[in-house]
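Every number in this text was worked out from the coordinates using simple rules, so none of it is lab data. Here the structure is a predicted model, which means the values were calculated and not measured. Because the Cβ atoms are built from the backbone with ideal geometry, glycine has one as well, and the counts that use them run over all protein chains shown.
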Amino acid sequence: MKRRFAAPLLSLVLLTVLTAPAQVAVELKLGQEKFLPGEEFEVAVRVVNNSGQTLQLGAAPDWVRFNVESLDGRSVTPTSEPPVENPFTLDSTKRGTLRVDLAPHFDLRRPGRYRISASVFIREWNRAFPTAPVEFEVVDGTRMWEQEFGVPAAAPGTPPEMRRYALQQANYNRQQLRLFIRVSAADGSVLKLISAGPMISFSHPEPRVDRRSRLHVLYQSGPKTFEYLVVGPDGELELRQTHEYTETRPRLRLDDTGELGITGGARVPRATDLGPAAVAKDDTGKNIAP
């Protein structure tokens, strides 16, 4: 009799040990399927805990690992480790999501198709849980304009560092045309790629570089709506405003002091505004009431 029940009992013990960890599911999600080289590449790793145990996650710098490779078999080596360390407790029946931008940590400048996967390591069980791979594509946008500019050197008497601004358009994301602002170094490496926002098909962006090497861009985002952005030499977005066509059209012009700004139209405050409040100007460049 003992021999008859020994095998089922052993099977039951093994089943309990092996299936408890299996009640943790991990999933990798991307916000979109196509990206421009240098564009923000945010991924979301979701962990669902149905193990019946409370899990301690995020304490180690490598508790989540990412693997990226091209579909032609070329491995993409990380240039640095993504910042994933952030301890938290995940109770049973709960789910947690880690979001991280991988663009600064993987070299994805080469156009082509790629796949990405992740694995979550649970230290209590000494076991890693892999996600299913997700495919994505890196595509080149259409270059509309570019201009080289100099960044003043910190040490006097030395030549300026040369960089390049460029405007690109792409309509890969749900068939919506979008404008991008790219800042690159002299060797062509992308320092920053900013998604300016949706743009109508017949828009002709107005880009100008001011005396402080900042890029000013005015472009049309709707039938009567214009977006105005100012980007610094390091790729930081310093100002974002929305203007509307009224009796006159918003235009990018120099004022009496030699500063670039918007004349004509009317400014429309938005929650997405960034930077100090601007003074509205008429078509001659004179200040008017906002």
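Take the Cα of residue 109, step 7 Å toward its Cβ, do the same at residue 259, and the gap between the two points is 3.6 nm. Taking every DSSP bridge with both residues inside the chain, close to 95 percent are antiparallel. Each residue of segment 158-166 was assigned a 3J(HN,Hα) from its phi angle through the Karplus expression (A = 6.51, B = -1.76, C = 1.60, θ = phi - 60°), giving 10, x, x, 7, 8, 9, 9, 8, 8 Hz with x at Gly and Pro. Averaging 1/r over each pair of different alpha-carbon atoms in the chain and inverting the result gives 22.8 Å, the Kirkwood hydrodynamic radius. You can think of it this way: the chain between residue 70 and residue 117 has 15.7 nm of extra reach, that is 0.36 nm per residue less the Cα-Cα gap. Put a plus charge on the Cβ of each Lys and Arg, a minus charge on the Cβ of each Asp and Glu, and nothing anywhere else: the dipole of the chain about its Cα centre is then about 1140 debye.
Considering only 128, 219, 75, and ranking their Cα positions along the charge dipole of the chain that arises from unit charges at the beta-carbon of Lys, Arg, Asp and Glu, the one farthest toward the positive end is 128. Result for the chain in a Gaussian network model with C-alpha springs under 10 Å: among 103, 154, 128, the largest mean-square fluctuation is at 154.
The charge dipole of segment 23-138, taken about its Cα centre with unit charges on the Cβ atoms of Lys, Arg (+1), Asp and Glu (-1) only, comes to about 260 debye. 3J(HN,Hα) couplings calculated from phi for segment 95-100 with the Karplus curve 6.51 cos²θ - 1.76 cosθ + 1.60 (θ = phi - 60°) are, in sequence order, 10, x, 10, 9, 10, 8 Hz; Gly and Pro show x.
Fully extending the segment from residue 80 to residue 270, taken as 0.36 nm per residue of separation minus the present Cα-Cα distance, adds 64.8 nm. Within segment 110-126, which residues have the backbone N less than 17 Å from the label spot 7 Å out from residue 46 along Cα→beta-carbon, could you tell me? The answer is 117-120.
Computed from backbone phi, the HN-Hα couplings of segment 108-117 come to 10, 7, 7, x, x, 9, 9, 10, 10, 9 Hz, rounded to whole numbers (Karplus: 6.51 cos²θ - 1.76 cosθ + 1.60, θ = phi - 60°; Gly and Pro given as x). Note on the chain: with a GNM built from Cα contacts shorter than 10 Å, the maximum mean-square fluctuation among 70, 80, 184 falls on 80.
Here the spin labels are modelled as points 7 Å beyond Cα on the Cα-Cβ line, and at residue 201 and residue 30 they lie 2.6 nm apart.
The equivalent ellipsoid that matches the C-alpha gyration tensor of segment 63-200 spans semi-axes of 35, 21, 16 angstrom, in descending order.
Among 207, 105, 258, which residue has its Cα positioned farthest towards the positive end of the charge dipole of the chain, with +1 placed on the Cβ of Lys and Arg, -1 on the Cβ of Asp and Glu, and the dipole taken about the Cα centre? It is 105.
Rounded to two decimals, the Cα radius of gyration of segment 23-138 over 2.2 N^0.38 Å is 1.09.
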